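A.B. asks: Provided herewith is a single structure, encoded as structure tokens, for subsequent inquiry.
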Amino acid sequence: MSTLLEAEHLTKIFTQRGKESFKAVDDVSFTLKPGETLGIVGESGSGKSTLAKMITRLTDITEGTLKFEGKDITRLKHNQLKDVYGNIQMVFQNPVGSFDPRRTLGDGIGESLRNRGMKKADIEKRVAELLEQCGLSSEFAKRYPHEVSGGQCQRAAIARALAVEPKVLICDEATSALDVTIQKQIMELLEELKEKHGLSFIFICHNLALVQMFCDRVLVLYEGKVVESGLPDDIINEPKQAYTRKLVDAVFL
Ligand SMILES: Nc1ncnc2c1ncn2[C@@H]1O[C@H](COP(=O)(O)OP(=O)(O)OP(=O)(O)O)[C@@H](O)[C@H]1O
Ligand SMILES: [Mg+2]
């Protein structure tokens, strides 16, 4: 099986004027194969979102190499990133905040299609299809973000990410704002999309039980570094690091 994403020694250093520089992601390497789900866990501030934004190239990479389908995308400039955004999409932590409150969900979901020059009638049809794929009726296209529940908004955010037919979908604690039943429903939706469309996932999460259920492999991040990686069952049953043990205990005790 070929490799979809290949990250080698990724490092992110934030420099702010008048302050010491800060290494938020430190020498992280991993690969992602087609159809695979990689989990990233770690305590708050361990660098998960920063790493996700590096992979989607929403933030610059200080050091290391990132390849997508064998092509080096580490240093692509703004006008060269269109292909990356078409292939690697991200669903953010806070679904309601990620939609423009003044525009309907349908507008938000269809935006990338409009940018690609798709005709209005075709966009409407495609938006309806995407909503239905994500378990919402096409009627939701007319609603505003404040007119739907958190779980429904999350589904709309996933529909929006899928609009460009990406190969990799990164979910950044996409389910953490929701209660456990809805979280599970959303995960089942993602699983279904994975089977139907052969999507690959990077799933960022605090909840190790969800990681165990849905991920093929997992990276444990601590202070920007990968302290452990492997099969979820192995990591949960036999954590090698005290830090991982703490994460496991926080969920299962
Ligand atoms: N733009 C920035 N400038 C400076 N420091 C930043 C910036 N963005 C993030 N950081 C710092 O980098 C570290 C990692 O942040 P990040 O958001 O990646 O953590 P996280 O693992 O996603 O945490 P959480 O679970 O709370 O979402 C934190 O210490 C954070 O304060
Ligand atoms: Mg985060």
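A.B. asks: Based on what the data block shows, is Ile123 of a type in the set (A, V, I, L, M), surrounded by 15 or more Cβ atoms within 10 Å (Cβ to Cβ), in a helix (DSSP H, G or I) and touching a residue at least 40 places away in the same chain (Cβ under 8 Å)?
C.D. replies: Details: of a type in the set (A, V, I, L, M): yes; surrounded by 15 or more Cβ atoms within 10 Å (Cβ to Cβ): yes; in a helix (DSSP H, G or I): yes; touching a residue at least 40 places away in the same chain (Cβ under 8 Å): no.
So Ile123 fails the test.
A.B. asks: Additional query: Any residue that is among the polar types (S, T, N, Q), closer than 30 Å to Ile109 by Cα, open to solvent by less than 10 Å² (accessible area, probe 1.4 Å) and assigned to a helix (DSSP H, G or I) - is there at least one of those in region 153-165?
C.D. replies: yes
A.B. asks: Further question on the same structure: Return the pairs, sorted by first residue and then second, in which the second residue is open to solvent by less than 50 Å² (accessible area, probe 1.4 Å) and basic (Lys, Arg), the first residue lies in region 216-239 and is at pLDDT 95 or above and outside any strand (DSSP E or B), the beta carbons are less than 9 Å apart, and the residues are 6+ apart or on different chains.
C.D. replies: From residues that are at pLDDT 95 or above and outside any strand (DSSP E or B), the pairs are Gly224/Lys12.
A.B. asks: Within the bounds of region 241-250, is there any residue that is within 16 Å of ligand 2 (Cβ to nearest atom), at pLDDT below 90 and farther than 19 Å from Leu5 by Cβ?
C.D. replies: Scanning region 241-250, I find at least one residue that is within 16 Å of ligand 2 (Cβ to nearest atom), at pLDDT below 90 and farther than 19 Å from Leu5 by Cβ, so the answer is yes.
A.B. asks: From the residues in region 28-55 that are within 13 Å of ligand 2 (Cβ to nearest atom) and hydroxyl-bearing (Ser, Thr, Tyr), which one is nearest to Gln241 (Cα to Cα)?
C.D. replies: The qualifying residue nearest to Gln241 (Cα to Cα) is Ser46.
A.B. asks: Kindly list, by first and then second residue, each pair from a residue in region 79-97 that is farther than 20 Å from Asp60 by Cβ to a residue that is assigned to a loop (DSSP other than H, G, I, E, B), limited to pairs with Cβ atoms under 6 Å and residues at least 6 apart or on different chains.
C.D. replies: Note: pairs meeting the criteria are Val91/Ala174; Gln93/Glu173.
A.B. asks: Within region 70-127, take every residue that is of a type in the set (Asp, Glu) and under 21 Å from the mean Cα position of the chain (by Cα) and give me the one that is farthest from Thr3 (Cα to Cα).
C.D. replies: It comes out as Asp100.
A.B. asks: Test of understanding: among Lys33, Lys53, which residue is under 22 Å from Glu223 (Cα atoms) and within 16 Å of the chain's Cα centre (by Cα)? Working first, answer last.
C.D. replies: On the way: Lys33 fails: under 22 Å from Glu223 (Cα atoms).
Of the residues listed, the single one that is under 22 Å from Glu223 (Cα atoms) and within 16 Å of the chain's Cα centre (by Cα) is Lys53.
A.B. asks: Next question. When only residues in region 178-206 that are part of a loop (DSSP other than H, G, I, E, B) and crowded, with 19+ Cβ neighbours inside 10 Å count, which is nearest to ligand 1 (Cβ to nearest atom)?
C.D. replies: Let us first name the residues in region 178-206 that are part of a loop (DSSP other than H, G, I, E, B), namely 178-179, 198-199, 205-206.
Add one more test, that the residue is crowded, with 19+ Cβ neighbours inside 10 Å, and what stays is 199, 205.
Working: Leu199: 22, Cys205: 9 Å.
Top of the filtered list is Cys205.
A.B. asks: Which ones in region 222-240 are touching a helix residue (DSSP H, G or I) at 6+ places or on another chain (Cβ under 6 Å) and within 16 Å of ligand 2 (Cβ to nearest atom)?
C.D. replies: Once the filter is applied, which keeps residues that are touching a helix residue (DSSP H, G or I) at 6+ places or on another chain (Cβ under 6 Å) and within 16 Å of ligand 2 (Cβ to nearest atom), region 222-240 yields only Tyr222.
A.B. asks: A further question on this structure: Which of the residues belonging to region 11-25 are within 16 Å of ligand 2 (Cβ to nearest atom) and within 23 Å of the chain's Cα centre (by Cα)?
C.D. replies: Lys12, Phe14, Ala24, Val25
The values are calculated or read from the model by the stated rules, or taken from the named source; none is laboratory data. If you're wondering where the values come from, they're calculated on a predicted model, not measured in any experiment. FYI the Cβ positions are ideal-geometry reconstructions off the backbone, even for glycines, and counts take in every protein chain you see. Quick note on the areas: whole protein, heavy atoms, side chains included, nothing else; ligands and nucleic acids left out. Shrake-Rupley method; radii C 1.70, N 1.55, O 1.52, S 1.80 Å.
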